[in-house]
Protein chains: 2
Amino acid sequence: MSTVALDRAIIERIVRQIVTKQAPAAPAPSEPSSSVDSVQSRLVVSISARHCHLTQEHVEILFGPGHQLTPMKNLYQDGFYAAEETVMIVGPKRRMLPTVRILGPVRNASQVELAFTDSISLGIDAPVRHSGDIRGTPGCVIVGPKGVVELSEGVIRAARHVHMNMKDAEAYGVKPKDFMKLRIEAPQCTVTFEDLLVRADETSKLEVHIDTDEGNACFLDSATKVELLKQDHDCACKKH
Amino acid sequence: MSTVALDRAIIERIVRQIVTKQAPAAPAPSEPSSSVDSVQSRLVVSISARHCHLTQEHVEILFGPGHQLTPMKNLYQDGFYAAEETVMIVGPKRRMLPTVRILGPVRNASQVELAFTDSISLGIDAPVRHSGDIRGTPGCVIVGPKGVVELSEGVIRAARHVHMNMKDAEAYGVKPKDFMKLRIEAPQCTVTFEDLLVRADETSKLEVHIDTDEGNACFLDSATKVELLKQDHDCACKKH
């Protein structure tokens, strides 16, 4: 069985972000976001590298009693952060990912989010699921410096989604749980991703999350234009 | 710098193929292919994993004087094959890919085709190019059992493309060097790839080539429908 030492340093960056280049600076918070164009100008597309969310109980098993996650870098969404702490994820055939970042704050259930490439390397057939929807998904072993957690379920490929506030949703003409699509224009690599779940609430910033495989497929770093569209927008053509 | 032993056995398969499931069996060669629908029914989408093409001179340096490539598996296009022989590809920082398959027959110029993930792991900033268009691209070192070749150029990320014969091109209303797009419908992972170069000649079979990153992004193995479309097909909507 051939193996290769794959340096993940470059793709390990937890969140790479591209702000649409065609747009002016984000409007001040007091400005109304009434048109799609003005909303689009604030669109951020982020690549989520593999990571995990943990319960406080699991944090303490892995890092010691009373341990609290240490924020290292704030994520784009307010209140969320990449923690200093990382864990090792071990699959069923003792294949492992040595350094998987924990995102905080802690949650009610632990969950490991992988790209397809990661799930192949771990030997786990992780289903595409939306965050939190882990019933019946495969488990894994999580190894920390002070202990080990055997997760009976919770390993997923995170489904594409877009965060936004209710005003943005109104401007786009969508509701929570609708689907949208994202067109990323890049030299020779233009891609449209469909099936982006709308996760709208009162406070989220407008941000699409795709995984590393998706980011690599469209060569996001070279993107020249990013457009978020309704899944079934007005179009006379039935081929979309 | 964190590294991880990534088992590539599963994604090493040189060509994974999906034949569109919505279609009946391919028509007999004598049938006319006059409509897009009848052409579409023969559409094959293949994932090209990393591989290289070599000159006969380089084959002999790497494998010994007089060596001929040994066909291991025929590719979908007649006359082409994955060879038994593999080489090691070494990047500028002595990072390497230990087992890169050679595709035959030999060519006039040696060339290494990588996915984005591979180019990151090798530390080579490979540009997106169409096969054969290697001027000014980065080089690498190729290591075989009998010798070493230092390639001054030839490392690329292969651009998406579609092979077809001239009758297919006519049915689609495209010419060689036009661009098309491919919509792959898969549960929660539907993707449309634009910028597929048309490579049409008298004899090629209808086949799209995408790389492993692109195949992983759309979860090709789970695809339920595949459609090849003109890049600018009839559509009243200007958003595509």
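The values are calculated or read from the model by the stated rules, or taken from the named source; none is laboratory data. Quantities reported herein were computed from a predicted structural model and do not represent experimental measurements. In this analysis, Cβ positions are derived from the backbone assuming ideal geometry, glycine residues included, and neighbour counts consider all displayed protein chains. Remember, those area values only see protein heavy atoms, side chains included, never the ligands or the DNA or RNA. Shrake-Rupley method; radii C 1.70, N 1.55, O 1.52, S 1.80 Å.
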Checklist outcome for this item: Shielding of A:112-122 by other chains, given as the mean Cβ count within 10 Å, works out to 4
Item to check | Interchain or long-range residues, amide H under 5 Å from residue A:130's placed H | outcome: A:159
Item to check | Inter-copy label distances at residue B:148 (7 Å, Cα→Cβ; nm, one decimal) | outcome: 4.2
Item to check | Residues with amide H under 5 Å from that of residue B:211, placed H, sequence gap 5 or more | outcome: B:48
Item to check | Between the stretch B:191-235 and the stretch A:80-100, the alpha-carbon center distance in angstrom | outcome: 35
Checklist entry - Local charge sum around residue B:164 (other residues, Cβ-Cβ under 13 Å, Lys/Arg +1, Asp/Glu -1)? => result +1
Checklist outcome for this item: Inter-copy distances for residue A:136, nm, shortest first, label points 7 Å along Cα→Cβ, are 5.3
Checklist entry - Relative to the other copies, what are the label-point distances for residue A:55, with labels 7 Å from Cα along the C-beta vector, expressed in nm at one decimal and sorted shortest first? => result 6.4
Item to check | Peptide A:182-190, shielding by other chains (average Cβ, 10 Å cutoff) | outcome: 5
Checklist entry - Name the residues of the stretch B:195-218 whose amide N is less than 17 Å from a point 7 angstrom out from the Cα of residue B:175 along the C-beta direction? => result B:197-202
Checklist entry - What accessible surface, in Å², does a 1.4 Å probe find on residue A:60, ignoring ligands, DNA and RNA and rounding to the nearest 10? => result 60
Next on the checklist: Using a 1.4 Å probe on the protein heavy atoms only, what accessible surface does residue A:206 show? Give it in Å² to the nearest 10.
Outcome noted: 0
Item to check | Under the Karplus curve 6.51 cos²θ - 1.76 cosθ + 1.60, θ = phi - 60°, whole-Hz ³J(HN,Hα) for the stretch B:103-118, x wherever Gly or Pro sits | outcome: 9, x, x, 5, 10, 7, 9, 7, 7, 10, 10, 10, 7, 4, 4, 5
Checklist entry - Given the protein chains as shown and a 1.4 Å probe, how many square angstrom of residue B:184 are accessible, to the nearest 10? => result 0
Checklist entry - How crowded by other chains is B:213-224, given as the mean number of beta carbons from other chains within 10 Å of each beta carbon? => result 5
Checklist entry - Cross-link list B:167/B:230; A:225/B:167; A:205/B:230; A:181/A:225; A:175/B:181; B:175/B:205: which exceed 25 angstrom alpha carbon to alpha carbon? => result A:225/B:167; A:205/B:230; A:175/B:181
